[in-house]
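**Q** Here it is, the structure in full.
The values are calculated or read from the model by the stated rules, or taken from the named source; none is laboratory data. From a predicted model like this one, the values you see are computed outputs, not experimental measurements. Because the Cβ atoms are built from the backbone with ideal geometry, glycine has one as well, and the counts that use them run over all protein chains shown.
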Amino acid sequence: MAHHVLLLGGHGKVAQHLTPLLLRRGWAVTSVIRNPDQVAAVQKLQERAAAGSGNVGRLNVLVRSLEDVKTEANAKAILEEVKPDYVVWSAGAGGKGGPERTLAIDRDAAIAFIRASASLPSVTRFLMISYLVSRRTAPKWWSAADWEAGQATNAGPLKNYYEAKVAADEVLYKISKERGPAFVGINLRPGTLSDKPAGRVELGKTKSVQGDVSREGVARVADELLASEGVKNSWVDLLDGEEEVASAVKRVISEGVDAAEGESFY
């Protein structure tokens, strides 16, 4: 079945890896970007997709500022204009513009899109790209030292980003849980991002918070999660590892792995 994906943050590095993968499935992608100067660069992703496959979906580029999305109604207006059935959040303030901008985009706009997506029966999946230590409770599969290291990062250089992301992550989980299988919330949570080529991965409940994962690898896992049957509401953590992407995704789905375990709402 062909899907239409609304990709928020379409000029980001992960999104630029993800877009051709989705197009090669024959899916339509509407890529939302803030800067009109970036339109040509995003449009070239159609050519990249076509170079690897003769049957690609269509790519649309929509210029909108997520800073202007302050309410659920603002987000719903974009959703009703685009009419996707899948939504991917790969956007973020990127630490630019101070704490207020981080909270406005990574928390408020993200939550607005989650709530608006869940309110529309036509939207059946929402994939959020978050980060590995966006959580409030120490999971039993990490060491105390790992948890302390993650907490130090969240209380220090990532303080505002952490507050924004953990709030949005929790909303996605709770709303998807309330809606049931009609609206699946997938929270993909990579470790430190790198620009290395994609390779094998550690997916699900990672043994540690320490480690990198390539942006291309994040995109490949996101693509597989979106395309797989049987995906349920879950937090799925990700690092570079020893397992092939397709088999790792299949295993996580079949085993019902959910790294949200231990959180108060789990």
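**Q** Among the residues of the stretch 77-101, which ones are under 17 Å from the mean Cα position of the chain (by Cα) and modelled with pLDDT under 95?
**A** Passing the criteria: Gly92, Ala93, Gly94.
**Q** Here's another thing I want to ask about it. Exactly one of (1) closer than 21 Å to Val184 by Cα; (2) assigned to a loop (DSSP other than H, G, I, E, B); (3) in contact with a Gly (Cβ under 9 Å, 6 or more places away or on another chain) is unmet by Thr30. Its number?
**A** (2)
Matching residues to (1) surrounded by fewer than 23 Cβ atoms within 10 Å (Cβ to Cβ); (2) modelled with pLDDT under 95; (3) farther than 30 Å from Ala227 by Cα; (4) of a type outside the set (S, T, N, Q):
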site	(1), (2), (3), (4)
Ala75	no, no, no, yes
Asp106	no, no, no, yes
Ala118	yes, no, no, yes
Ala138	yes, no, yes, yes
Trp141	yes, no, no, yes
Ala164	no, no, no, yes
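**Q** Kindly evaluate Asp240 against the criterion of being farther than 22 Å from Val166 by Cα and either modelled with pLDDT under 95 or not aliphatic (A, V, I, L, M) (or both).
**A** Numbers: farther than 22 Å from Val166 by Cα: yes; either modelled with pLDDT under 95 or not aliphatic (A, V, I, L, M) (or both): yes.
It is true that Asp240 is farther than 22 Å from Val166 by Cα and either modelled with pLDDT under 95 or not aliphatic (A, V, I, L, M) (or both).
**Q** Starting from the stretch 102-124, take each residue that is under 11 Å from Ala167 (Cα atoms) and basic (Lys, Arg) and list its partners that are at pLDDT 95 or above and outside any loop (DSSP other than H, G, I, E, B), counting only C-beta distances under 6 angstrom and pairs at least six apart or across chains.
**A** Matching pairs, first to second residue: Arg107/Ala164; Arg107/Ala167; Arg107/Ala168.
**Q** Next question. Is it true that Glu170 is acidic (Asp, Glu), under 26 Å from Glu255 (Cβ atoms) and touching a residue at least 12 places away in the same chain (Cβ under 8 Å)?
**A** yes
**Q** Just name the residue that is nearest to Ala222 (Cα to Cα) out of those in the stretch 62-71 that are surrounded by fewer than 22 Cβ atoms within 10 Å (Cβ to Cβ) and in contact (Cβ under 8 Å) with a residue 40 or more places away in the chain.
**A** Looking at the filtered set, the residue picked out is Glu67.
**Q** Restricting to the stretch 180-208, name every residue that is under 22 Å from Arg107 (Cβ atoms) and either modelled with pLDDT under 95 or touching a strand residue (DSSP E or B) at 6+ places or on another chain (Cβ under 6 Å) (or both).
**A** Val184, Gly185, Ile186, Asn187, Leu188, Arg189, Pro190, Gly191, Thr192
**Q** So Val5 passes all but one of these: (1) in a strand (DSSP E or B); (2) in contact with a Phe, Trp or Tyr (Cβ under 6 Å, 6 or more places away or on another chain); (3) surrounded by fewer than 23 Cβ atoms within 10 Å (Cβ to Cβ). Which condition number does it fail?
**A** Unmet condition: (3).
**Q** What residue, among those in the stretch 72-97 that are assigned to a helix (DSSP H, G or I) and in contact (Cβ under 8 Å) with a residue 60 or more places away in the chain, is farthest from Ser122 (Cα to Cα)?
**A** Here is the first cut: in the stretch 72-97, the residues assigned to a helix (DSSP H, G or I) are 72-82.
Add one more test, that the residue is in contact (Cβ under 8 Å) with a residue 60 or more places away in the chain, and what stays is 78-79, 82.
Numbers: Ile78: 14, Leu79: 10, Val82: 11 Å.
Looking at residues that are assigned to a helix (DSSP H, G or I) and in contact (Cβ under 8 Å) with a residue 60 or more places away in the chain, I get Ile78.
**Q** Say we look at the stretch 144-162 and pick out the residues that are in contact (Cβ under 8 Å) with a residue 40 or more places away in the chain and among the small types (Gly, Ala, Ser); which of these is surrounded by the most Cβ atoms within 10 Å (Cβ to Cβ)? Outline the logic, then answer.
**A** Within the stretch 144-162, the first condition is being in contact (Cβ under 8 Å) with a residue 40 or more places away in the chain, and the residues that meet it are 146-147, 149-150, 160-161.
Keeping just the survivors that are among the small types (Gly, Ala, Ser) gives 149-150.
Values: Ala149: 16, Gly150: 22.
Among residues in the stretch 144-162 that are in contact (Cβ under 8 Å) with a residue 40 or more places away in the chain and among the small types (Gly, Ala, Ser), the one surrounded by the most Cβ atoms within 10 Å (Cβ to Cβ) is Gly150.
**Q** How many of the residues making up the stretch 33-59 are part of a loop (DSSP other than H, G, I, E, B) and not β-branched (Val, Ile, Thr)?
**A** Residues that pass the stated criteria total 7.
**Q** Here's a follow-up. Within the stretch 179-203, work out how many residues are in contact (Cβ under 8 Å) with a residue 40 or more places away in the chain and closer than 25 Å to Phe113 by Cβ.
**A** Of the residues in that region, 14 qualify.
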